[in-house]
Amino acid sequence: MKKERVKLTGAEKSELFAEGIVTIILLLLLNLSIIILIHLAILQDESLVNGIYFLKKSMTFVGGRHVWSWQNIFIIIMAVGDLAVLYWRLIRRYHQMQLRHVISELHYIANGHFDHRINFRVRPELQRVVDSINSLVDSTVNSINEERAIEKSKDELITNVSHDIRTPLTSIIGYLGLLKTGISSKEDQQKYVDIAYTKAEQMKSLADDLFEYTTLKSTSTKLNLNELHIYSMLEQVAAGFELEAEKKGIDIEIEARPKNLTIQADAEKLVRVYNNLISNAFKYGTGATKIKLVANLVNKSEVELRVENNGEPIPVSAQKKIFDRFYRVETSRNTKTGGTGLGLSITKSVVDLHHGTIRCQSDEKWTSFIIRLPLDPNKAK
C-alpha cells in the first residue's frame, strides 16, 4: 500500500506560513545591513573604489560586454543564499511537524490500539524509525497472540487430560466399589478386576504419551543423531507388527529407493513415528488389507517417507486437524479404539525436531501420511 505524506492541520500550515514570513523579514534586514556596511567601507577607501572600477573595465564577456555593477551581482548572490536559507528553515520546521505526528501516533498505539500502524511517509531518516516502530508493534501483537494461544492451549490441555483421566478413573472406582460390597460372584469379580486393570492401563498410556509429548515440546530436547539405514529400520518395524497384521489379515509391504538409503536421524524417535502411524492404520483403517512403508530419495538433500493403507479414508475436514493434540476423527471423545489422541501430535513433534514436514492425504483408494526429512538435520537449521 502506497503511503501518503503527512497531512498538516490548519494550525500547522499557519505556523509554516508565519515561519516563512518571519524568515524573509529577517533575511531582508540582514541583507540591507550587509549592503550598507559594504557600501560605507568602499566609500571610505578611494583606492578600493578605483580598484573595483578597473576590475570592471578589465573583465569582459562574450560580445565585449563588461560587468557594470558588482552590486547587482552581489544582490543576486544574496538572493540565492536567502532562498536556500528560507527553504532550509521551512523544511526543518516541516520535519519537526512530521516528528510531532509520529510521536502522536506512538501515544495512540501505546494507549492500547495495537491494530493501528503509522502509514504516512516521512523523511528517509525518520522513515526507518517509523518502519522499525511498525515492525516492533507487529512483533508485540504476535507475541501477545502467541501468549494467548499458549494460555488457551494450557486450558485445553488441562480440560482434555481431566476428561481422559476422569472417565477411566470413574470406571475403576465403580468396579472397585462393586468388589468392595462382596455380593458379586467370583466370575463377576474377576470381570470387574479385568475391566479395572484395562482402565488403569489406559490411564498409564495417557500419562506416558503426555510425558513424551511435553518432553518433545521442550526447547531443551535434543536429537541423538546417527546414520540410519532406512530399509533395515523398516524391516525391524514391520517385524514388530507381523503378528497383529496376520490377525487382521493385513499385508505389510516395504520399499526403499535406493535400497541402501541412509539418513542422519534419531533412530529411537523415528521408530516411534512409524509405530504411531502403523498403529493408527490398524485402529482406524477399517477394512484395510495392505499397509505400505515407502522411502524415496527425492533430491540430494531430502528423503520422503510414506506410511499408506487402503482402509477407510479420513474425511477432508479432519485432515488438517489430525495432528492437533487430543484430536480424534471419532465423533465423541471415547476411547473404544484405545487411543489417547496424542499419537499423531507426538509424531509431528518428532518430525519437527528433525526439521521436516508431515501431511495427510486420503482418498477412496489410499490414506497416506507423507513425511519429508532432510538427509542431515544439522544442515537444515
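A short reminder: the numbers here are calculations on the coordinates, not readings from a lab. All values reported here derive from a predicted model rather than from experimental measurement. Here Cβ is always computed from backbone atoms with ideal geometry, including for glycine, and neighbour counts include all displayed protein chains.
Under 5 Å between amide hydrogens, built in the peptide plane, is the criterion, and for L375 it picks out E302, V303 among residues at least 5 positions away or on other chains. Between region 16-33 and region 244-312, what's the alpha-carbon centroid distance in Å? So the separation of the two Cα centres works out to 85 Å.
Per-residue Karplus couplings for region 85-93, computed as 6.51 cos²θ - 1.76 cosθ + 1.60 with θ equal to phi - 60°, are listed in order as 5, 4, 4, 4, 5, 5, 5, 5, 5 Hz, Gly and Pro entered as x.
The residues neighbouring S362, those whose beta-carbon lies less than 11 Å from its own, together hold a net charge of -2 under the Lys/Arg +1, Asp/Glu -1 convention. Electrostatic tally near L228: other residues with Cβ closer than 13 Å to its Cβ, Lys and Arg +1, Asp and Glu -1, net -4.
Largest first, the extents of the alpha carbon coordinates of region 226-380 on the three principal axes equal 42, 31, 26 Å. The E19 and A79 beta-carbon pair, evaluated with R₀ = 22 Å, returns a calculated FRET efficiency of approximately 0.70.
Multiplying the residue separation of Q190 and E246 by 0.36 nm and removing their Cα-Cα distance gives an extension gain of 17.2 nm. When only Cα pairs below 8 angstrom with a gap of at least 6 residues are kept, region 155-217 shows a relative contact order of 40 percent.
Sorted on the mean count of surrounding Cβ atoms within 10 Å across their residues, most packed first, peptides 204-210, 77-83 read 204-210, 77-83.
Identify the residues of region 85-109 with backbone N under 20 Å of a label point that sits 7 angstrom from the Cα of S132 along the Cα-to-Cβ direction, or state none. It comes to 95-109, nothing else. When you count the other C-beta atoms within 10 angstrom of each residue and take the mean per peptide, 172-184, 362-374 line up highest first as 362-374, 172-184.
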